[in-house]
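The values are calculated or read from the model by the stated rules, or taken from the named source; none is laboratory data. In this text, all values refer to a predicted model and were calculated from it rather than measured experimentally. Backbone-built Cβ (ideal geometry, glycine too); neighbour counts: all protein chains shown.
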């Protein structure tokens with residue numbers, strides 16, 4: 001029975017929002033001037049992507065595509081900090097490549113070792129309670145921050161398994177037909193060269209045994225120099241434990257099968273000398289054709305391998321396929337499985353290599369639909385965490401706009417009475433004489 005390989009998936013992840021800070025006051029008998037005691041909100045939950053050595057496919061993402069961490073708890077009176085949101089760990093097989101786009105820039109991380117993890121989205125910061133806003137001139141602040149919203153990302157997952165078995169050979173040798181016969185993979189098959197333009201992976205079940213097979217796109221002369229798609233193809237060959245060298249024994253394209261056999265091995269050797277020593281079975285394919293029968297003896301004499309490493313088959317009729325699969329399983333049993341060093345227990349999570357930008361840097365541009373838009377990491381975060389229902393919070397925002405130089409820059413950009421100013425998700429009306437609102 002042929003297995004099915006689920007090697008691609010798309011998921012959406014969202015971190016938790018931070019909890020709101022509290023604006024409360026100490027109210028106890030005999031303490032008439034208790035003062036502010038509002039606690040901070042708790043951090044929202046992060047979302048991690050973790051490489052799990054016990055997983056072998058992405059099939060679970062057929063049924064679950066959204067992963068959402070919980071929000072942080074709100075701050076309370078008596079300086080109580082809200083509960084931290086629960087982190088979410090999304091487990092994927094080792095060898096999964098995780099891709100995303102952040103501000104239209106593509107990023108990619110390869111989880112190649114067991115236990116490696118990506119901090120994919122951070123939970124929002126908890127809002128500050130009013131205990132943080134006291135000063136010598138403000139003894140009873142009625143202001144507290146909202147929690148920072150969580151982040152949402154779409155992730156594309158692609159499983160790059162290190163295949164146990166790699167099929168190599170000239171174009172149209174029958175590799176795609178063979179992989180379609182022995183596994184559930186369904187590559188495009190046609191009677192012309194270069195049908196396969198990227199590796200096809202399939203899982204093959206033989207009794208209670210299972211192995212992964214990769215149909216490596218057809219190699220041509222000069223592949224070791226990068227001719228055609230040579231480098232890409234040969235890199236996939238490097239990752240396999242056993243090579244099945246498929247030879248078109250019938251020479252249906254007018255090629256000499258003996259010469260083809262030697263040319264493929266030469267390309268492997270020139271690319272990486274170790275590949276010539278990689279365990280290899282030679283498969284004389286298309287034995288249902290008379291020309292293949294006529295060439296068989298000459299081919300067997302040309303191949304410098306023991307008889308148990310040569311197989312005469314017909315992928316089209318399945319002739320000789322079962323003995324071949326049984327021998328592959330036996331040979332793989334004799335070979336050690338490559339081990340990958342697991343991540344250290346205290347190894348920090350990988351983060352997206354997004355360029356670090358000074359949080360104080362801002363820019364002003366024309367907004368869609370009119371008005372001006374302010375962009376900047378620090379000011380956008382502050383606006384998202386500002387409670388516009390609190391007059392003191394609006395006063396604070398205006399002081400920050402003035403102290404940071406944003407207010408002056410808005411005037412230079414043409415802001416006047418009634419101009420709409422966009423910051424993050426908020427819209428404010430510019431006023432030369434009053435607080436924003």
Go through the range 346-373 residue by residue and tally those that are farther than 30 Å from residue 404 by Cα and touching a residue at least 24 places away in the same chain (Cβ under 8 Å). 3
Return the pairs, sorted by first residue and then second, in which the second residue is in a loop (DSSP other than H, G, I, E, B) and modelled with pLDDT of 90 or more, the first residue lies in the range 52-75 and is in the same structural domain as residue 20 (by TED's automatic domain parsing) and surrounded by fewer than 20 Cβ atoms within 10 Å (Cβ to Cβ), the beta carbons are less than 6 Å apart, and the residues are 6+ apart or on different chains. 53/114; 70/16; 70/45; 70/85; 70/86
Hey, residue 409 hits all of (1) farther than 24 Å from residue 139 by Cβ; (2) crowded, with 16+ Cβ neighbours inside 10 Å; (3) within 38 Å of the chain's Cα centre (by Cα) but one; which does it fall short on? (3)
Per the filter on the range 294-306, residues under 44 Å from the mean Cα position of the chain (by Cα) and either closer than 15 Å to residue 167 by Cβ or exposed (fewer than 14 other Cβ atoms within 10 Å of the Cβ) (or both) are 304, 305, 306
Tell me, please, whether a residue that is within 27 Å of residue 270 (Cβ to Cβ), at pLDDT 50 or above and not in a strand (DSSP E or B) can be found in the range 204-216. yes
So which residues in the range 224-259 are modelled with pLDDT under 90 and over 20 Å from residue 160 (Cβ atoms), if there are any at all? 224, 225, 226, 227, 228, 251, 252, 253, 254, 255
Of the conditions (1) part of a loop (DSSP other than H, G, I, E, B); (2) in contact (Cβ under 8 Å) with a residue 24 or more places away in the chain; (3) under 30 Å from residue 397 (Cβ atoms), residue 132 fails just one. Which one is it? (1)
Among the candidates 124, 34, 41, single out the residue that is over 23 Å from residue 212 (Cβ atoms), more than 25 Å from the chain's Cα centre (by Cα) and at pLDDT 95 or above. 41
Looking at (1) in contact with a strand residue (DSSP E or B) (Cβ under 7 Å, 6 or more places away or on another chain); (2) farther than 30 Å from residue 109 by Cα; (3) assigned to a loop (DSSP other than H, G, I, E, B); (4) at pLDDT 90 or above, can you tell me which one residue 427 breaks? (3)
Anything in the range 352-381 that is surrounded by 12 or more Cβ atoms within 10 Å (Cβ to Cβ) and either farther than 28 Å from residue 429 by Cβ or out of contact with any strand residue (DSSP E or B) (no Cβ under 9 Å at 6 or more places or on another chain) (or both)? List them, or say none. 352, 359, 377, 378, 381
Might you let me know whether the range 282-290 holds any residue that is part of a helix (DSSP H, G or I) and farther than 23 Å from residue 330 by Cβ? yes
Criterion first (over 25 Å from residue 181 (Cβ atoms) and touching a residue at least 40 places away in the same chain (Cβ under 8 Å)) does residue 262 satisfy it? yes
Out of all the residues in the range 407-419, is one or more at pLDDT below 95, assigned to a helix (DSSP H, G or I) and within 18 Å of residue 128 (Cβ to Cβ)? no
